[in-house]
Amino acid sequence: QVHLVESGGGLVQAGGSLRVSCLASRSIFTINALGWYRQAPGKQRELVATITSRRRTNYADSVKGRFTISRDNAGSTVYLQMNSLNPEDTAVYYCNADVNGNLYWGQGTQVTVSS
């Protein structure tokens, strides 16, 4: 099992930047991947970005070039640096851990981008 705690959400103006963090109770070296998903009101939860223990990353097309996922050397904290934010990025952002196909979720952190 993995416990995930997100932090760093908030309100930002369009064009601004924000970084969210996720602290995992286990190191990424013991699980498959850590990542970020988001869910906007009335929409399904969608993938934002993932990262593996070897720092292999994957991004949704909508955030490529604007968002960067990274992790610390210990592998227990994953970050999502979000630049050039726009109102369409407004959502609850959830940290996710994939442990051999079993998915674990944090409680989510709200990101609101004002126009």
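Within region 59-73, can one find any residue that is at positive phi and out of contact with any strand residue (DSSP E or B) (no Cβ under 7 Å at 6 or more places or on another chain)? Even if it seems obvious, please write down each step before you answer.
Filtering region 59-73 for residues at positive phi gives 65.
Subset that is out of contact with any strand residue (DSSP E or B) (no Cβ under 7 Å at 6 or more places or on another chain): 65.
Yes, because at least one residue in region 59-73 is at positive phi and out of contact with any strand residue (DSSP E or B) (no Cβ under 7 Å at 6 or more places or on another chain).
Quick check on my filter: what residues within region 61-91 are assigned to a strand (DSSP E or B), out of contact with any Cys (no Cβ under 6 Å at 6 or more places or on another chain) and without any contact (Cβ under 8 Å) to a residue 60 or more places away in the chain?
Within region 61-91, the first condition is being assigned to a strand (DSSP E or B), and the residues that meet it are 67-71, 77-82, 91.
With the extra rule that they be out of contact with any Cys (no Cβ under 6 Å at 6 or more places or on another chain), the set shrinks to 67-71, 77, 79-82, 91.
Within region 61-91, 67, 68, 69, 70, 71, 77, 91 qualify.
Which one is surrounded by the fewest Cβ atoms within 10 Å (Cβ to Cβ), of the residues in region 54-91 that are more than 19 Å from residue 2 (Cβ to Cβ) and within 10 Å of the chain's Cα centre (by Cα)?
This residue is 81.
Filter region 4-31 for residues that are in contact with a strand residue (DSSP E or B) (Cβ under 7 Å, 6 or more places away or on another chain) and either open to solvent by 70 Å² or more (accessible area, probe 1.4 Å) or among the aromatic types (Phe, Trp, Tyr) (or both) and give the result.
Initially, region 4-31 is screened for residues in contact with a strand residue (DSSP E or B) (Cβ under 7 Å, 6 or more places away or on another chain), giving 4-14, 17-24, 28, 31.
If the condition is that a residue be in contact with a strand residue (DSSP E or B) (Cβ under 7 Å, 6 or more places away or on another chain) and either open to solvent by 70 Å² or more (accessible area, probe 1.4 Å) or among the aromatic types (Phe, Trp, Tyr) (or both), then 5, 11, 13, 19, 23 are the ones that fit.
If the Cβ limit is 8 Å and pairs must be 6+ apart or interchain, which residue in region 25-50 that is more than 17 Å from residue 107 (Cα to Cα) and modelled with pLDDT under 95 pairs with which residue that is of a type in the set (A, V, I, L, M) and outside any strand (DSSP E or B)?
Pairs found: 27/74; 31/2.
Any chance region 99-113 includes a residue that's open to solvent by 40 Å² or more (accessible area, probe 1.4 Å), polar (S, T, N, Q) and touching a Gly at 6+ places or on another chain (Cβ under 9 Å)? Lay out the reasoning, then the answer.
First pass over region 99-113, keeping only residues open to solvent by 40 Å² or more (accessible area, probe 1.4 Å): 100-105, 107, 110, 112.
The next check asks that each one be polar (S, T, N, Q); those that pass are 100, 102, 107, 110, 112.
Now restrict to residues that are touching a Gly at 6+ places or on another chain (Cβ under 9 Å): 110, 112.
There is at least one residue in region 99-113 that is open to solvent by 40 Å² or more (accessible area, probe 1.4 Å), polar (S, T, N, Q) and touching a Gly at 6+ places or on another chain (Cβ under 9 Å).
The values are calculated or read from the model by the stated rules, or taken from the named source; none is laboratory data. As the structure is a computational prediction, the values presented were derived from the model and not from experiment. In this analysis, Cβ positions are derived from the backbone assuming ideal geometry, glycine residues included, and neighbour counts consider all displayed protein chains. Accessible surface is based on the protein model in full, side chains and every heavy atom, while ligands, DNA and RNA are left aside. Shrake-Rupley method; radii C 1.70, N 1.55, O 1.52, S 1.80 Å.
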